[in-house]
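Quick notes on the structure that follows.
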Amino acid sequence: MRIIEDPAELQAPDLCGCGFVPTMGALHAGHGSLVTRARADGRPVVVSIFVNPTQFGPNEDYARYPRTLDSDCALLEPLGAAAVFVPPVEAIYPNGLAAARIESEAIALPAVATAPGLEDACRPGHFGGVALVVGRLFDLVRPSAAYLGEKDYQQLRLVQDMVSADRPRYGELRIVPCPTVREGDGLAMSSRNRYLSSDERTAAIALARALQVAHSAQRVETAERLMRETLESFGLSTEYAVVRDARTLMPVKGFEQPTRALIAARLGATRLIDNAAMTVWR
Ligand code: PAF
């Protein structure tokens, strides 16, 4: 497995048409499942590890975000990744970070990224930074397919719509959604789970429980109330707990169309998100 810092090396013939897994590192079995899925498609797999400053707000965890390159490589090597791309900030943002931040604020995001009451309302500017870095990574890696986890469902929908809206730039690039990987008790795997104290780790099961109880509701308002009550009964503070159209992420009145339950909640200093398809459960 090669470790690549210089984007020019990504054009090596053996990486041509690769499967691509973009990450910010601090890898866990959820990331591993993306690599395994990409490998199953039979192409060489490139994984990027880049903690992207433009997607963090000024009061967020950019500085303390875990950087664990050695253990990340130890996880990736046996999974058969061909290369790990670990660019310096200058390779991604050659005009500097201040210019990149301005650029990310000016990006015309697909409507799905600004659906009311979701991530964009809680983390203004976050999706501009995600769109900027993902576009830049796709330009540099030039993959034929990119593998993204459903754990970050809004991010997945953003990238899907961003790519399909700009085929001249992204060509035939395929976005492959991959299922969320969960711990034995249902907690969705996340790099941020390592921030949790042992009591918080016990309480974090609330997100998966909330998604389960939502499943029993016959009405959207009931599902949303049950999710909030479940989160709060475990001591979490709810940012949103809603049922939305699975494609547009806009509010829905009922479960007639494909719907998705989406949660963001705070547990101490840690912000956790989770989501689940509702319609297939009914
Ligand atoms: O999901 C992540 O890890 C990041 O948001 C991504 C897609 C690698 C962009 O920085």
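If the requirement is being near the ligand (Cβ under 10 Å from one of its atoms) and modelled with pLDDT of 95 or more, which of these qualifies: 35, 46, 21?
Answer to the selection: 21.
Check residue 87 against each of (1) within 25 Å of residue 188 (Cβ to Cβ); (2) outside any helix (DSSP H, G or I) and name the one condition it does not meet.
Going through the list (1) within 25 Å of residue 188 (Cβ to Cβ); (2) outside any helix (DSSP H, G or I), residue 87 breaks only (1).
Working carefully through the options 260, 182, find the one that is under 20 Å from residue 113 (Cβ atoms), open to solvent by 10 Å² or more (accessible area, probe 1.4 Å) and at pLDDT 95 or above.
Testing whether each residue is under 20 Å from residue 113 (Cβ atoms), open to solvent by 10 Å² or more (accessible area, probe 1.4 Å) and at pLDDT 95 or above leaves just 260.
Results for (1) in a loop (DSSP other than H, G, I, E, B); (2) within 18 Å of the chain's Cα centre (by Cα); (3) farther than 30 Å from residue 247 by Cβ, shown as yes or no for each residue.
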position: 95; (1), (2), (3): yes, no, yes
position: 103; (1), (2), (3): no, no, no
position: 108; (1), (2), (3): yes, no, no
position: 124; (1), (2), (3): yes, yes, no
position: 127; (1), (2), (3): no, yes, no
position: 132; (1), (2), (3): no, yes, no
position: 135; (1), (2), (3): no, yes, no
position: 140; (1), (2), (3): no, no, no
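Would you list the strands (runs of 3 or more DSSP E) that sit entirely within the range 1-62 and hold 2 or more residues that are open to solvent by 40 Å² or more (accessible area, probe 1.4 Å) and farther than 30 Å from residue 269 by Cβ?
The qualifying strands (runs of 3 or more DSSP E) are 2-4.
Going residue by residue through the range 64-78, is there one that turns out to be open to solvent by less than 70 Å² (accessible area, probe 1.4 Å), within 16 Å of the ligand (Cβ to nearest atom) and more than 30 Å from residue 266 (Cα to Cα)?
Yes - at least one qualifying residue is present in the range 64-78.
Among (1) under 23 Å from residue 267 (Cα atoms); (2) in contact (Cβ under 8 Å) with a residue 60 or more places away in the chain, which single condition is residue 137 missing?
(1)
Do we find a residue being touching a Gly at 6+ places or on another chain (Cβ under 6 Å) and of a type in the set (D, E, K, R) anywhere in the range 215-238?
No, the range 215-238 has no match at all.
Return yes when residue 86 is modelled with pLDDT of 95 or more and either hydroxyl-bearing (Ser, Thr, Tyr) or away from the ligand (no atom under 12 Å from the Cβ) (or both) and no when it is not.
Answer is yes for this residue.
Out of the residues in the range 194-245 that are in a loop (DSSP other than H, G, I, E, B) and buried (at least 19 other Cβ atoms within 10 Å of the Cβ), state the one that is farthest from the chain's Cα centre (by Cα).
217
Can you pull out the residues in the range 110-143 that are open to solvent by 20 Å² or more (accessible area, probe 1.4 Å), within 29 Å of residue 261 (Cα to Cα) and in contact with a Leu (Cβ under 7 Å, 6 or more places away or on another chain)?
Hit for the range 110-143 is 110, nothing else.
So which residues in the range 144-162 are without any contact (Cβ under 8 Å) to a residue 60 or more places away in the chain and either within 11 Å of the ligand (Cβ to nearest atom) or buried (at least 24 other Cβ atoms within 10 Å of the Cβ) (or both), if there are any at all?
155, 156, 158, 159, 162, listed by residue number.
Within the range 163-179, can you find the residues that are within 16 Å of the ligand (Cβ to nearest atom) and open to solvent by less than 90 Å² (accessible area, probe 1.4 Å)?
163, 170, 173, 175, 176, 177, 178
How many of the residues in the range 191-212 are among the small types (Gly, Ala, Ser), touching a residue at least 40 places away in the same chain (Cβ under 8 Å) and over 16 Å from residue 231 (Cβ atoms)?
Final tally of qualifying residues: 2.
Could you please tell me which pairs satisfy a Cβ distance under 8 Å, a separation of 6+ or placement on different chains, a first residue in the range 81-97 that is surrounded by 13 or more Cβ atoms within 10 Å (Cβ to Cβ), and a second residue that is modelled with pLDDT under 95?
Taking only residues 6 or more apart or on different chains, not a single pair turns up.
The values are calculated or read from the model by the stated rules, or taken from the named source; none is laboratory data. For clarity, every value in this text was computed on a predicted model and none was experimentally measured. Cβ coordinates were reconstructed from backbone atoms using ideal geometry, including for glycine residues, and neighbour counts include every protein chain displayed. Accessible surface is based on the protein model in full, side chains and every heavy atom, while ligands, DNA and RNA are left aside. Shrake-Rupley method; radii C 1.70, N 1.55, O 1.52, S 1.80 Å.
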